[in-house]
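Heads up: the structure comes next, in structure tokens.
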Protein chains: 2
Amino acid sequence: MNESPGVADLLGVLAYAELSAFTRMTEDAALLAPSLADRTTLSELAVAEYAHFRLLRDRLTELKVDPEQAMRPFVEALDAWHTQTRPADWLQALVKAYVGVGIALDFYREAAKRLEPSITKLVDEVLADEGRANFAVERVRAGVAADPVASGRLALWARRLVGEALSQGQRVAAARPELARLLVQSVADDQAEISRLFAALTEEHGKRMAALGL
Amino acid sequence: MNESPGVADLLGVLAYAELSAFTRMTEDAALLAPSLADRTTLSELAVAEYAHFRLLRDRLTELKVDPEQAMRPFVEALDAWHTQTRPADWLQALVKAYVGVGIALDFYREAAKRLEPSITKLVDEVLADEGRANFAVERVRAGVAADPVASGRLALWARRLVGEALSQGQRVAAARPELARLLVQSVADDQAEISRLFAALTEEHGKRMAALGL
């Protein structure tokens, strides 16, 4: 393939992120949703993630990259993130679907910014919100209103989500320099640029927390 | 709604069967698939089950039946079936996807036979095989060829799947007489007719086992 060398990495990490989000949201929906209607709504979002996975897999195949090989380097880090952030209840699951997935998506969007337009467009399409924000924000706000004690606990939970995400993100960036390079405009001073980027991601995260009332 | 009284029950049990098959196949794919390619194939089948769930849910809504209420009476029996038939490995997961889901589908198809054509058509559409058969048959045959000892173990597993399905099916039929009535042409002699039906289902099961080489 004659694309930027980080493209297969970016599409690969994003594909596995979508596949694993699909799996975990489906599980969370079945285990934690308080009603069949809530289970259905979260399952619907999970299936939307799967549709994104399909787009990415097909694009990799078009680029003559084996999707399995493109995803494999990222399986461990993403699985570790999910294992370390297994929600204990429904509100934690919603905060994870909104805040945890949100920060990951900011990261991919940032990486795709400087790629050729058809890749940027694909990534934007895949990262479209699909109603996840509204559903989660509304339910979490209602949950916190009904049980104000939950608020501090959920704020702590969100900090853990983002802390684990940054830690896995840095690990991936160290192991996949070409992917990391997509994320930084200047390659002269990688580590400093990556820190600036992480600061920007943290700011977006702050906005989501405010939306949740946390 | 002015349909046969068992219709809401039939669409409800079928909707929850699809929703729970979606969940369990997604889990099995993530936990047991030997490769990302296999995980993707089984996830693809899971998402197809979810699309069927959506058709049934929308039809219930059109009939002015709350999908959640229609599904609720069947949650316990179907969850119990899944809990009692949790696959221990990939071949067991494939046999379950083919044999376990297959017997359930025969059951629903039989129940839908005597309903008004639009319902029969919907049920047929939902029960379309979507490639599940080919994928499972091919992989299980290859697995058994590679490890002949697996054959006896999988045959036993399939017997457990069908035994548990019949036991949960009889429990549901006893609790939901209108649904049971859809299954039998003559209501004069329900229990005998139900036994005949179960014999027919068992025969179809035998054909699937033969296809698997078990």
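Throughout, read-outs are computed from the coordinates displayed, never taken from laboratory work. What you see is a predicted model; the values in this text were computed from it and never measured. Cβ placement follows ideal geometry from the backbone for every residue including glycine, while neighbour counts extend to all protein chains displayed.
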Handout entry: Rough spin-label spacing in nm, given labels placed 7 Å along Cα→Cβ, for B:V137 and A:A133
Key = 4.8
Practice task
Quick one: compute the contact order of the stretch A:7-212, relative version, from alpha carbon pairs under 8 angstrom and 6+ residues apart, as a percent.
Solution key: 26
Practice task
Calculate the tail of P(r) for the stretch B:7-212: the fraction of all Cα-Cα distances greater than 22 Å, expressed in %.
Solution key: 47
Fill in the blank from the handout: Percent relative contact order for the stretch A:24-127, counting Cα pairs under 8 Å at least six residues apart, stands at 28
Practice task
With an 8 Å cut-off on Cα pairs and a minimum separation of 6 or more residues, tell me the relative contact order of the stretch A:91-168 in percent.
Solution key: 52
Problem - Principal axis dimensions, largest first and in whole angstrom, of the protein assembly as shown by Cα - result: 83, 55, 34
Practice task
Take peptides A:112-125, A:13-26 and line them up by average Cβ neighbours within 10 Å, highest first, as a rough protection proxy.
Solution key: A:13-26, A:112-125
Handout entry: chain A: DSSP helices with Cα axial extent of at least 18 Å and average Kyte-Doolittle hydropathy no lower than -1.0
Key = A:7-32, A:36-62, A:67-84, A:132-146, A:149-175, A:190-212
Problem - Partner aspartates and glutamates for A:K207 [C-alpha distance under 19 Å; skip if fewer than 8 residues away on the same chain] - result: A:D106, A:E110, A:D129, A:E130, A:E138, A:E164
Problem - Cross-link partners of B:K64 among lysines (Cα-Cα below 24 Å; sequence separation of 8 or more within a chain) - result: B:K113, B:K121
Completion exercise
chain B, Gaussian network, Cα under 10 Å: of B:G100, B:G169, B:G143, the residue fluctuating most is B:G143
Exercise for the section: Grab the beta carbon distance between B:A211 and A:T83, set R0 = 51 Å, and tell me the FRET efficiency rounded to 0.05. Expected result: 0.85
Exercise for the section: Just tell me how shielded A:15-27 is by partners: mean number of partner chain Cβ atoms within 10 Å of each residue's Cβ, no decimals. Expected result: 3
